[in-house]
Each structure stands twice: as structure tokens, then as C-alpha cells.
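In what follows, a single structure is set out as C-alpha cells and then discussed.
Bear in mind these aren't lab numbers, they're just calculated from the coordinates by the rules spelled out. What you see is a predicted model; the values in this text were computed from it and never measured. Neighbour counts run over all protein chains shown; Cβ positions are idealised from the backbone, glycine included.
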């Protein structure tokens, strides 16, 4: 089979398409014929060798994919050969024509959902759900700000929040991004590139502020987010690319929280909750992953360049296999 392999840490150019042996499942394991792969920013961080998690070289990147089960190992009862599934993790990496997973890492993909959409689920929608509900404590009636709502996590968060009865405000930096966020169910959208946008965001709450803020670029926005919070509000840090200076008094006066998380620290029970909810959302049509770009597997380096752009994201980038 063909797979992307990384033999040394570095820039996107270290992603090489190679021939590798076909995969075979062991006990409790599943092999998928991959049709689409989700590309996530964390994979570009890992590739550089500067991330907290550093895999042994050589390795195949990726945790998200969708495809068809081609083989199962002994003891596997939840899926069988021929089933359509998406992954939320992988033992072998997903930037490949095949991927090896544990049974708990694969989830049913409804017939009404494309493989490209399935590949957008694992990290992006898992992050959105965990940030919004498990860490952010979002509940019906809360006012939510998704700060950077046009990317894969942001569009997922907007859809999840709208379906759960929150009042949803999303930001984006382009007119195309604003249209996309509104189409996903946001009640209001604001251009975070415009002068005075923070005042506009506060006016939308009649001066009260936001119960939950999902922040995609904390190194740029966290200090301002704290000033936008309602009493006992929570900023959930989804992404950050550096350091930031804040005024702690903004948390004191509002009795506010800054909450971080990583999917790597999610428990098995929390993961079961996440994917039960995501599966139901796919089945009933509340969740509709937006695919921004489809890039061939052989051009994984270009996909990494695209996923690291700071602005203009429109949905999810996927590799097609």
C-alpha cells in the first residue's frame, strides 16, 4: 500500500509518499481501507519535532480517517468487513491507503454522510464537543462566542451549540467565512478583522457578556476574551500558537475561568459520550461537516501548508485516497 512516511522532523517537505507492507489486524484490532483523511494543525506541530508528543521515526501521521472495514481481528464484535466507519485515533497513522485501529477507535458512519465528511469528525468535532460541553459547561440558553468559527472545529462547534439550544455568535475574518458561519446556524456573525469588533460583540449581548467563549487563537485573543465574559463565564482554550499577556483582574471581577484541555487527556468514558453524541448528530442531520479543500494523499505537504495558515479557513481540509 501507499503511505506518507516521515523519516526526519522538519518542514512539510519531510512528508514522503512510499510503498509499505499491507496491514494485518491483531486481537481487538480493525484494518480500514481509507477513502479520506482529516488533516489537523496538531499533525503539523508533531511533524516539526517541537511538539510535546514526539513519535519514533519513521512514522505515518494522522488520527482521523473514514473508509470501509477490510479486516477485523479476533474478539472484534462491533464492526465487520464492509462496514462504513470513521476513526478517532489510529495505531498506524491515517495518511495512508490503510490504517490499523483498535475497535474502540472506529465509529459507524451513516450512509447519508460522505467519507470526506466522516474524516472531518474525529479531532475537529471531538474537540468542539469536549470544549463546548465537557470543559465549557455549555447548556441551553447560554450565550456562546466561537472566536474563529469558520474552520473545522469552529463550524462543528456552531452546529453542536445551535442544536443544543445555545445562542451562538461566531467570528471570521472574511466575507466568505462570515457567510459560512451563518449558514452553519450562528445567530450572529462578526468580522474579527474589523475595527471596533469587540464593541460589536458586547452589544450583541446587551452588555452582559458571554457565558462560554471557545477560543481558537488564544495567543492573540485571550486578553480581550476575558473582557467579553459574563459573570462566571468560561474561556475554553482550543488553540494557541504562542504566549500572551493578560490582566488577571479581568477574571477576578467576573469570577471567570480559563479552561484548557487536550483530547489526549480525555477518558474512555468521556470519549464514549463524545462519539455517542456525534453519531446521533450525524444520523439526524444536525451535524454536517463542511469540507473546505480536498487534496490528494500524494500532496500531503501542501495540505500541511494550508492547515497552518492563520486566516481564511473555510471548513476542513481532507486528503483523498
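Rounded to the nearest 0.05, the FRET efficiency derived from the C-beta distance between residue 191 and residue 56 at R0 = 51 Å is 0.70. Reported to the nearest whole Å, the Cα centre-to-centre distance from segment 1-59 to segment 106-165 is 25. Overall form of segment 43-156: oblate. Here a/c, set by the Cα gyration tensor axes a ≥ b ≥ c, is 1.5 or more, and a/b is not larger than b/c. Residues 216, 202, ranked from the fewest to the most other C-beta atoms within 10 Å, line up as 202, 216.
I need the shape label for segment 181-244. Rule: rounded when a/c is under 1.5, else prolate if a/b > b/c, else oblate, with a, b, c from the alpha carbon gyration tensor.
It is rounded, given that a/c, with a ≥ b ≥ c, falls under 1.5.
Counted residue by residue at 0.36 nm each, then reduced by the alpha carbon distance between them, the extension gain from residue 1 to residue 240 reaches 82.5 nm. In the chain, the calculated helix contribution to ellipticity at 222 nm averages -7500 deg cm²/dmol per residue, counting -39,500 (n - 2.57) for every DSSP H run with n ≥ 4. Summary value for segment 110-165: 37 percent relative contact order, contacts being C-alpha pairs under 8 angstrom separated by 6+ residues. The mean sequence separation of alpha-carbon pairs under 8 Å and at least six residues apart, normalised by the residue count of the chain, gives a relative contact order of 18 percent.
Computed over segment 124-263, the P(r) tail beyond 18 angstrom holds 48 percent of alpha carbon pairs. The overall shape of segment 107-195 is oblate: from the C-alpha gyration tensor, with semi-axes ordered a ≥ b ≥ c, the ratio a/c is 1.5 or greater and a/b is no larger than b/c. With Cα atoms as the point set, the radius of gyration and Dmax of the chain evaluate to 19.6, 60 Å.
Taking the centroid of alpha carbons for each part, segment 238-301 and segment 188-220 are 18 Å apart. Once you keep just the Cα pairs under 8 angstrom separated by 6 or more residues, what percentage relative contact order results for segment 124-263? Here the relative contact order equals 23 percent.
In a fully extended conformation the segment linking residue 9 and residue 199 would gain 64.1 nm over its present Cα-Cα distance, using 0.36 nm per residue.
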